[in-house]
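Everything below concerns the one structure shown next.
The values are calculated or read from the model by the stated rules, or taken from the named source; none is laboratory data. Source: prediction; values computed, not measured. All Cβ positions, glycine included, derive from the backbone under ideal geometry; neighbour counts span all protein chains shown. Note: accessible area is taken over every heavy atom of the protein model, side chains too, but ligands, DNA and RNA are not part of it. Shrake-Rupley method; radii C 1.70, N 1.55, O 1.52, S 1.80 Å.
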Amino acid sequence: MKLILLFFFSATCLLHAQNTLSFKPGMTSPESNLKNIEWLTGHWKGEAFGGIAEEIWSPPLGGVMMFSFRLVADGAISFYEFGHILETDGTLMLQLKHFNADLSGWEEKEETIDFKLVKEEGDRFYFDDFTIERISDKEINMYVEVGEEDGTSNEVKFNYHRQ
């Protein structure tokens, strides 16, 4: 399943790193809070990897904005993600975990994928190799750097519309 997803990532990639920034050693995350990205709250859908990508973001509560993601291709679940953006030490961090269609996890039980905030610029939030961009109240883009088996990486764009 993971090899199939890597194929999809490779086949649908845009130009390398046009919209993402990396968190480099020695950097510190800028000050930020969930009020700045609260506009992300809602139900979003778009097309990706030959199917329908869907994200649902909760309003801030308890210092986090929780989200769920699913990809449905050929009438079946390809994979899920569950995660949150949390306020920590005066800044934001995006954390997530991946799950197969049967809810078996990709990451180890105690492991999360963490994206530190690199920069906040207007309606763009640059997390480490993951950018969230507000186009309008009804449209957003998300860009993510996806590593390939050969050590290279490619940027993938998700375009979502509010439901």
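So which of Asn154, Asn159 ends up being open to solvent by 30 Å² or more (accessible area, probe 1.4 Å), part of a strand (DSSP E or B) and at pLDDT below 95? Break it down into steps so the answer makes sense when it comes.
Values: Asn159 fails: at pLDDT below 95.
Only one candidate qualifies: Asn154.
Go through region 78-116 and give me each residue that's among the acidic types (Asp, Glu) and closer than 18 Å to Asp129 by Cβ. Glu81, Glu107, Glu111, Asp114, listed by residue number.
If you go through region 120-136 and pick out every residue that is touching a residue at least 60 places away in the same chain (Cβ under 8 Å) and β-branched (Val, Ile, Thr), you end up with 2. For region 42-62, the candidate set comprises residues that are in a loop (DSSP other than H, G, I, E, B) and buried (at least 17 other Cβ atoms within 10 Å of the Cβ); within that set, the residue that is modelled with the highest pLDDT is Pro60. Applying the set (1) over 29 Å from Glu31 (Cβ atoms); (2) open to solvent by 50 Å² or more (accessible area, probe 1.4 Å) to Thr112 leaves exactly one unmet item: (1).
Taken over region 76-111, the residue count meeting the criterion of being closer than 17 Å to Val146 by Cβ and either touching a residue at least 60 places away in the same chain (Cβ under 8 Å) or assigned to a loop (DSSP other than H, G, I, E, B) (or both) is 4.
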